[in-house]
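The values are calculated or read from the model by the stated rules, or taken from the named source; none is laboratory data. Just so it is clear, the structure is predicted and the values come from calculations on it, not from any experiment. Because the Cβ atoms are built from the backbone with ideal geometry, glycine has one as well, and the counts that use them run over all protein chains shown. SASA here: full protein model, heavy atoms, side chains in, ligands and nucleic acids out. Shrake-Rupley method; radii C 1.70, N 1.55, O 1.52, S 1.80 Å.
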Amino acid sequence: HNCLFQADLKTPYVNHMTFDFDRVFDETVESSTVYQETAASLILSALDGGVGTMFMFGQTGSGKTHTMSAIQQYGAHDLFKDMDGVMPWISIQVVELRGNRCFDLLAPGVSDGRRSNLRPELRLREHSDGSFAADGAVDMYPGTPEELCSIMDMAQSRRATSATDANSVSSRSHSVCILRLMQTDGQLMLVDCAGTERKKDSMFHSKERQQEGAEINASLHALKECIRFLTTQQKVPSHAYRASSLTKILADTFTRGSRARLAVICTASPCATDTEHTVATMRMGMALGGRGNEHEEKQLLSDLVEKKPRLLHPKQWSPEQVRDWLTEAQGGKFRDLVDVIPTNFTGQMLVRLSEGRCVQLCGGSERRGRAFFDLLHQEIHTVEKARKAGN
């Protein structure tokens with residue numbers, strides 16, 4: 001539910017949006033449930049020789065990396081569950097994508113003369129089948145689930161992070177963990193995407209940080225375009241996945257056809273101030289799932305507020321309303337005046353009555369005529385005050 005203003009910048013309304021996803025998890029769900037519902041089938045596909053790819057999307061600080069870490073823990077045990085003793089059983093590469101640059105998170109740190117323990121930069125090279133590989137990336141061959149988890153944790157600790165308004169250790173890069181099943185030629189790719197930020201969120205960041213944010217959003221746009229081609233044309237043209245380093249390294253996902261399976265997890269913040277981010281995340285998830293657009297319904301804020309009936313001024317009364325008022329006013333004290341006034345006596349005529357004319361209508365009784373005059377003007381004052389308060 002997104003609160004916005006119409007083009008006049010005065011009329012508030014609520015935009016109700018409905019998104020169609022396979023599963024929705026609240027904050028109380030266990031990580032094991034998330035894994036079984038989202039990633040377990042990808043593990044089975046990879047063990048059977050297919051390509052399984054999982055994306056984590058969401059705003060900075062919404063819990064992407066936390067969720068991916070839990071999935072890696074459970075997935076590691078399932079990958080080794082059917083191990084037949086033949087070694088090597090699995091290989092792992094973990095690369096970090098910052099803009100269009102690729103860095104190896106498993107290689108020993110290097111120095112550039114000013115800083116030490118930097119990640120070595122890799123070049124993405126295209127193979128004859130159209131796929132891309134990080135040239136010179138370090139492969140490791142864990143023999144147990146614990147070794148695999150240890151390697152992934154080490155790689156995660158080496159990712160580039162930076163403080164943002166939403167998270168003091170926000171991941172400022174895409175992390176791609178590539179697991180290859182050596183005996184089945186299957187492949188599993190776990191992609192933890194960098195937290196997206198709006199331009200106004202980073203307006204006080206340095207120029208380098210602003211450029212970083214622009215490159216993150218550009219790579220996500222390129223990924224979205226690849227999925228759009230895949231869902232509309234069942235084929236991704238090469239120029240589409242060459243648009244960014246992220247889509248290059250995921251080329252296998254787009255070229256393996258029916259042997260490739262894709263899962264997307266979108267994480268959202270519950271804060272009302274993050275609604276715009278949440279909507280963008282949900283739309284990205286919808287696009288990657290090939291489900292089309294969301295359903296939107298606009299509702300004016302005035303429709304949500306209970307409207308009080310507007311009181312009618314006595315001068316607008318019809319002859320029937322004048323007679324009804326005379327019959328009911330002060331418990332019918334002036335009911336006899338209904339027979340005295342003309343049948344076409346309107347509210348306009350009523351409010352023009354002077355005090356002397358009221359005395360005449362009351363049979364010459366000054367006391368009763370003055371009471372009727374005061375009652376009429378009290379009614380006028382009450383209605384005018386109520387209408388002014390309503391405005």
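Testing GLN59 on (1) of a type outside the set (Phe, Trp, Tyr); (2) open to solvent by 60 Å² or more (accessible area, probe 1.4 Å); (3) under 15 Å from GLY285 (Cα atoms), one condition comes back false. Which one is that?
Here GLN59 clears every test but (2).
Any idea which of (1) outside any loop (DSSP other than H, G, I, E, B); (2) open to solvent by 30 Å² or more (accessible area, probe 1.4 Å); (3) touching a helix residue (DSSP H, G or I) at 6+ places or on another chain (Cβ under 9 Å) is the one ALA389 doesn't satisfy?
For ALA389, the exception is condition (3).
So HIS239 passes all but one of these: (1) over 21 Å from SER41 (Cβ atoms); (2) open to solvent by 30 Å² or more (accessible area, probe 1.4 Å); (3) touching a residue at least 60 places away in the same chain (Cβ under 8 Å); (4) in a helix (DSSP H, G or I). Which condition number does it fail?
It fails just one condition, (3).
Confirm whether ALA46 is open to solvent by less than 20 Å² (accessible area, probe 1.4 Å) and in contact with a Pro (Cβ under 6 Å, 6 or more places away or on another chain). Write out each step before concluding.
Working: open to solvent by less than 20 Å² (accessible area, probe 1.4 Å): yes; in contact with a Pro (Cβ under 6 Å, 6 or more places away or on another chain): no.
Spelling it out, it is not the case that ALA46 is open to solvent by less than 20 Å² (accessible area, probe 1.4 Å) and in contact with a Pro (Cβ under 6 Å, 6 or more places away or on another chain).
Looking at segment 216-228, I want the residues that are touching a residue at least 60 places away in the same chain (Cβ under 8 Å) and open to solvent by less than 50 Å² (accessible area, probe 1.4 Å) and have a partner that is in a helix (DSSP H, G or I) and polar (S, T, N, Q) with Cβ atoms under 9 Å, at least 6 apart or on another chain. Which pairs are those?
SER219/SER245; SER219/THR247; LEU223/THR247
Is there a residue being modelled with pLDDT under 85 and hydrophobic (A, V, I, L, M, F, W, C) anywhere in segment 177-191?
Looking through segment 177-191, none of the residues is modelled with pLDDT under 85 and hydrophobic (A, V, I, L, M, F, W, C).
Could you grab me the full set of residues in segment 26-42 that are surrounded by 13 or more Cβ atoms within 10 Å (Cβ to Cβ) and of a type in the set (Val, Ile, Thr)?
Passing the criteria: VAL34, THR38.
Can you tell me which residue among THR11, THR18 is touching a strand residue (DSSP E or B) at 6+ places or on another chain (Cβ under 8 Å), open to solvent by 80 Å² or more (accessible area, probe 1.4 Å) and among the β-branched types (Val, Ile, Thr)?
From the options THR11, THR18, the qualifying one is THR18.
Of everything in segment 223-236, what is among the polar types (S, T, N, Q) and not in a helix (DSSP H, G or I)? Give them in sequence order. Let's see the steps before the verdict.
Within segment 223-236, the subset among the polar types (S, T, N, Q) is 231-234.
Correct list: GLN234 only.
Give the residues of segment 62-81 that are open to solvent by 30 Å² or more (accessible area, probe 1.4 Å) and without any contact (Cβ under 8 Å) to a residue 60 or more places away in the chain, sorted by residue number.
Correct list: HIS66, TYR74, ASP78, LYS81.
If you scan segment 1-36, which residues turn out to be under 18 Å from ALA280 (Cα atoms) and of a type in the set (Ser, Thr, Tyr)?
Correct list: THR18 only.
Looking at (1) loosely packed, with under 12 Cβ neighbours inside 10 Å; (2) in contact (Cβ under 8 Å) with a residue 40 or more places away in the chain, can you tell me which one LEU105 breaks?
Going through the list (1) loosely packed, with under 12 Cβ neighbours inside 10 Å; (2) in contact (Cβ under 8 Å) with a residue 40 or more places away in the chain, LEU105 breaks only (1).
State which residue pairs qualify: first residue exposed (fewer than 14 other Cβ atoms within 10 Å of the Cβ) and inside segment 346-371, second residue of a type in the set (Val, Ile, Thr) and not in a helix (DSSP H, G or I) in any location, beta carbons under 8 Å apart, and separation of 6 or more residues or different chains.
Taking only residues 6 or more apart or on different chains, not a single pair turns up.
Inside segment 119-132, can you point out the residues that are free of Cβ contacts under 8 Å to residues at least 40 places away in the same chain and either part of a loop (DSSP other than H, G, I, E, B) or open to solvent by less than 30 Å² (accessible area, probe 1.4 Å) (or both)?
Within segment 119-132, ARG119, PRO120, LEU122, HIS127, SER128 meet the criteria.
For segment 313-364, name all the residues that are of a type in the set (S, T, N, Q) and in contact with a Lys or Arg (Cβ under 9 Å, 6 or more places away or on another chain).
Across segment 313-364, the qualifying residues are THR327, THR343, THR346, GLN348.
Does segment 50-108 hold any residues that are among the β-branched types (Val, Ile, Thr) and closer than 20 Å to MET182 by Cα, and which are they?
VAL51, THR53, VAL86, ILE90, ILE92, VAL94, VAL95
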